[in-house]
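Q: Submitted below is the structure of interest, expressed as structure tokens.
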Amino acid sequence: MSDDSTPAGLTDRFRSQLPSPTTTTENGYSTAILAVVFGLLFGVYCSWIVADFSVRWPAFAIGSLIGIGRCYAQPTRTTVITTGLYQLSAAIALTPLVLAGGGLYGAYAQGVANPWPTALSEAFLLASICFGLIAALIAGGGALLDHRSSDVE
Amino acid sequence: MTDDNTSTDLSRRALLRATTAAGVLGTGVAMGRLGGENNHDTPAQLADPNEPRAYEEFTVHRVPEAYATIQDAVDAASPRDLVLVGPGRYHEEVTVSETQRLTIRGTDRNEVMLDGEGTRHNGITVTVDGVVIENLTVMNYTYNGVYWTGVDGYRGSHVTAANNGEYGIYAFDSVNGLFEHSYAAGHPDSGFYIGQCNPCHARIEQVTAERNGLGYSGTNAGGDLVIRDSVWKRNMGGIVPNTLDSEKLAPQAATRIENNEVHSNNNLNAPAKAFAYAAYGIGIGIAGGHDNEVHNNTVSNHANYGIAAIPMFDATIWQPAGNLIEGNRVEESGRTDLALGSPNDGGNRFENNSVSSTRPSWLDSDGVLASVFGSTGDPWVTLSQGLLYLQTELGAFPHGDWLGGPDPPKQPSMDDPERPPREAVGPRRDQ
């Protein structure tokens, strides 16, 4: 154990609190590539769903950075995958909301008096359920992977 | 969109219910038969026909001076005659089923009114060739204002159609026609409609459509069919050529849409049927059509898409293909100015348009993504409009009522109502 009162000890403590870079773990490079792939996938999906708001490229950049950052911080290949799946499922679950939001945004921008019935409808509810199921399926895959991985350890 | 509007709607509803839901889930392609083959060989535009020639020998039948009703005058007329209708409100349905090349003309477009009072079916129905309707107003019929079906040669000039239960000015299974200087408002299906013809050899020009479900609808219609120099505003959706299995000659193909002003087609208070609601917020929408040309239009202020090519989900999934969207100015679109839905059958080109946003991002660009993905569409476009249609299957959707809509504004009458009658359209130059 390092002594926190010394500079070396503080440095060690600071290092220990940093996310574990995947490149220092087993299978370093392949895990890093996996993190980048999942991060880019998250970025592409984010940019796709928010394109109605004219923020496609910022969404891609920010989404990718966040996605890669979150995955890259994971210690193992398995947790990279589960994190990637979780964040993707979150974006998918939000898709109907963004879809409806884009319609409302566009309608208000063009002076439509009351566009809410076009957005909040039975069809929206059905779409929310469908996308929710898809998201749950993907998140469930992640959870299963996580669980199996824990069992192995 | 056929004679039997009710049965068509029912069958369409039944057919679309499953496939639309599937489309929303992103699995439509796997469940439906994909339609993509062309069945036409006439381009979107041939040379305009010659000017209609005036008839030299004809008789004028005056209403109400000589005949109490328009139908009485029609029944007494011979080919090439003119039925000249004076000011008044006429509570009748008129059918022209025997006398070819007849002209029915009002002396004052705004004062000669056929009024269906919300109970009669069609204002004027024409089933013989070459009949011209001019300079009058048709309103409050439960089906259509003026309706040609199965004819060769038709023209509607200086006609106002308002607040009828299906279509305003309507030509079905007919060729060699012209709608011009006309106005249509307050129709749940569309203000102007040309359907089931290819080649149609028809023109729509110098017209205005507002507060309809669709400004223009053209099911399975195309081939030397030109829609130009007109205004399409404040409808639920703007100009929508479309493909349906319920009519012959699918897929819709080869219509030229040129030099129109298309704006603010987001009107949730317009009367609208399900199909029109699915086009809410679209200026020009090609629904499952092929080889159409959309050129030099000004399209602005739409809640969803300025110009969109999207698949049409029917018993067959009709995919847009080979359409050229070129040289248009599109601005102030809620989602994006240009859009190409998925699935599509390729060959759709978006070139030299003035726009600020597109879906997918590579439309109308020469970038790397465009070279990689080509005419790959964006399922988001299909999803956003598909959800609107799905809502019509699941419950209520916002729209106004056709009956009791505001009276149409006064429109310019023709210059000389006493002039001799003329042919519906002049001889074609390509024959």
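Q: Considering just Cα atoms, how many Å³ per residue does the convex hull of the stretch B:88-243 enclose?
A: Per residue, the Cα convex hull of the stretch B:88-243 comes to 85 Å³.
Q: Take peptide B:383-396, look around each residue's Cβ out to 10 angstrom, count Cβ atoms belonging to other protein chains, and average those counts.
A: Values: counts 4, 6, 0, 2, 12, 4, 1, 6, 8, 2, 2, 6, 4, 3.
For this peptide, the per-residue mean of nearby foreign Cβ atoms is 4.
Q: Continuing with the same structure: How high is the relative contact order of the stretch A:20-149? Use alpha-carbon pairs under 8 Å, at least six apart in sequence, and give a whole percent.
A: Details: 174 pairs, mean separation 34.0, N = 130.
Rounded, it is 26 percent for the stretch A:20-149.
Q: Based on the inverse mean of 1/r over its pairs of different Cα atoms, what is the Kirkwood hydrodynamic radius of the stretch B:343-409, in Å? Please list the in-between numbers first.
A: Working: mean 1/r = 0.0654 Å⁻¹.
Hydrodynamic radius (Kirkwood, Cα only) of the stretch B:343-409 equals 15.3 Å.
Q: Cα centroids of the stretch B:157-226 and the stretch A:52-105: how far apart, whole angstrom?
A: Taking the Cα centre of each part, the stretch B:157-226 and the stretch A:52-105 sit 46 Å apart.
Q: In addition: Within 10 Å of each residue's Cβ, count the other Cβ atoms and sort A:TRP57, B:TRP232 from fewest upward. Please report the intermediate quantities before stating the final value.
A: Values: A:TRP57 11, B:TRP232 31.
Ordered by Cβ neighbours within 10 Å, fewest first: A:TRP57, B:TRP232.
Q: Now, a different point. Which ³J(HN,Hα) values, rounded to whole Hz and listed in residue order, are derived for the stretch B:111-120 from phi using the Karplus coefficients 6.51, -1.76 and 1.60 in 6.51 cos²θ - 1.76 cosθ + 1.60 with θ = phi - 60°, glycine and proline given as x?
A: With the stated coefficients, the stretch B:111-120 comes to 9, 9, 10, 9, 10, x, 6, x, 10, 7 Hz.
Q: So what is the relative contact order for chain B, in percent, with contacts set as C-alpha pairs under 8 Å and at least six apart?
A: Numbers: 1430 pairs, mean separation 65.0, N = 431.
About 15 percent, as a whole number.
Q: Okay, helix-only estimate at 222 nm for the protein assembly as shown: each DSSP H run of n ≥ 4 adds -39500 (n - 2.57), divide by all residues, round to 500 deg cm²/dmol; what do you get? Please list the in-between numbers first.
A: Numbers: 12 runs with 175 residues, N = 584.
After summing the helix terms and dividing by residue count, I get -10000 deg cm²/dmol.
Q: Across peptide A:46-55, how many C-beta atoms of other chains are within 10 Å of each residue C-beta, on average?
A: Values: counts 0, 1, 6, 1, 0, 9, 10, 2, 4, 0.
For this peptide, the per-residue mean of nearby foreign Cβ atoms is 3.
Q: Using only alpha carbons, build the gyration tensor for the stretch B:272-328 and give me the equivalent ellipsoid semi-axes, biggest first, whole Å. Please report the intermediate quantities before stating the final value.
A: Details: eigenvalues 74, 57, 9 Å².
Ellipsoid semi-axes (Å, largest first): 19, 17, 7.
Q: Pop out the ³J(HN,Hα) list for the stretch B:137-154 in order, Karplus 6.51 cos²θ - 1.76 cosθ + 1.60 with θ = phi - 60°, rounded to Hz; leave Gly and Pro as x.
A: Per-residue couplings from phi come out as 10, 10, 8, 6, 9, 6, 10, 10, x, 10, 9, 9, 9, x, 10, 10, x, 7 Hz.
Q: What number, in nm² with one decimal, is the all-direction average of the projected area of the convex hull of the alpha-carbon atoms of the protein assembly as shown?
A: Details: hull surface 122.3 nm².
The Cα convex hull of the protein assembly as shown, projected and averaged over all directions, gives 30.6 nm².
Q: Related question: How far is helix B:379-394 tilted, in degrees, relative to the longest principal axis of the Cα atoms in chain B, given as a value from 0 to 90 rounded to the nearest 10?
A: 60
Q: With a 10 Å Cβ neighbour count serving as the proxy for reagent exposure, in which order, fewest first, do B:ARG211, B:ARG120 appear? Don't skip to the answer; put the middle values down first.
A: Details: B:ARG211 26, B:ARG120 17.
Starting with the residue having the fewest Cβ neighbours, the order is B:ARG120, B:ARG211.
Q: For a quick check: sort B:HIS181, B:HIS40 by the number of other beta carbons within 10 angstrom, fewest at the front. The partial results should precede the final answer.
A: Values: B:HIS181 21, B:HIS40 17.
Ranked by crowding around the Cβ, least crowded first: B:HIS40, B:HIS181.
Q: Please work out the Cα center distance from the stretch B:75-139 to the stretch B:271-342, rounded to the nearest Å.
A: Result: 35 Å between the Cα centres.
Q: If you don't mind, there's one more thing I want to ask. Ordered by residue, what ³J(HN,Hα) values in Hz, to whole numbers, does the stretch B:245-261 give under the Karplus form 6.51 cos²θ - 1.76 cosθ + 1.60, where θ = phi - 60° and Gly and Pro are x?
A: My calculation for the stretch B:245-261 gives 6, 6, 10, 6, 6, 5, x, 4, 7, 6, 10, 9, 10, 9, 6, 9, 9 Hz in order.
Q: Could you state the orientation-averaged shadow area of the convex hull built on the Cα atoms of the stretch A:20-149, in nm² to one decimal?
A: Details: hull surface 33.2 nm².
Result: a mean projected hull area of 8.3 nm².
Q: For the stretch B:110-199, build the convex hull from the C-alpha positions and give me its volume per residue in Å³. Please report the intermediate quantities before stating the final value.
A: Values: hull volume 6.6 nm³, N = 90.
So the per-residue hull volume is 74 Å³.
Q: Shifting gears a bit: For helix B:5-24, what angle does its Cα long axis make with the longest principal axis of chain B, in degrees from 0 to 90 and rounded to 10?
A: 10
Q: Next question, about the same structure. Any idea what log10 I(q)/I(0) is at q = 0.08, 0.12, 0.13, 0.14 Å⁻¹ for chain B, Debye with uniform C-alpha scatterers and no solvent?
A: -0.40, -0.89, -1.03, -1.18
Q: Please work out the FRET efficiency for the pair B:GLU92 and B:ASP41, using the Cβ-Cβ distance as r and a Förster radius of 35 Å; give the result to the nearest 0.05.
A: Numbers: r = 43 Å, r/R0 = 1.22.
About 0.25, to the nearest 0.05.
Since every read-out is calculated from the coordinates, none of them should be taken as a lab result. The structure presented is a predicted model; accordingly, all values stated were derived computationally and were not measured. Counting neighbours? That spans all protein chains shown, and the Cβs are built from the backbone with ideal geometry, glycine included.
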